[in-house]
1. Among the residues of the stretch 37-68, what is the count of those that are closer than 25 Å to residue 24 by Cβ, modelled with pLDDT of 95 or more and of a type in the set (Asp, Glu)?
Amino acid sequence: MKIDLNKLTKRFLLGEAAGKKTPSVRAYVESVIGILEQVVPRSQRESRQLSVAKQHLAEIKKLNRRLEEKIKLLEEQITILEESN
């Protein structure tokens, strides 16, 4: 999956100028993944470091998704509690 970093950057800058909300953690992670995909390692060491960085980002994406699900659930519970009062 290839990400057009120029388009992503343009959307980010235009969104900020228009007063839209800031990009999500997911957008930042995807941007960093795209940048790492374009880096060409010059040695085995750099290759391993890139691999570890990509694995860490994948883990961050997973944890972020879980947190978003928990937040959504908690917001629903708050709404239910507010309605019952």
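The values are calculated or read from the model by the stated rules, or taken from the named source; none is laboratory data. In this text the structure is predicted, and so the values were computed from the model without any measurement. Cβ placement follows ideal geometry from the backbone for every residue including glycine, while neighbour counts extend to all protein chains displayed.
1. Adding up the residues that qualify gives 1.
Let's see how each residue does on (1) of a type in the set (Lys, Arg); (2) without any contact (Cβ under 8 Å) to a residue 24 or more places away in the chain; (3) in contact with a helix residue (DSSP H, G or I) (Cβ under 9 Å, 6 or more places away or on another chain):
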| site | (1), (2), (3) |
| --- | --- |
| 37 | no, no, yes |
| 47 | no, yes, no |
| 50 | no, yes, yes |
| 62 | yes, yes, no |
| 73 | no, yes, no |
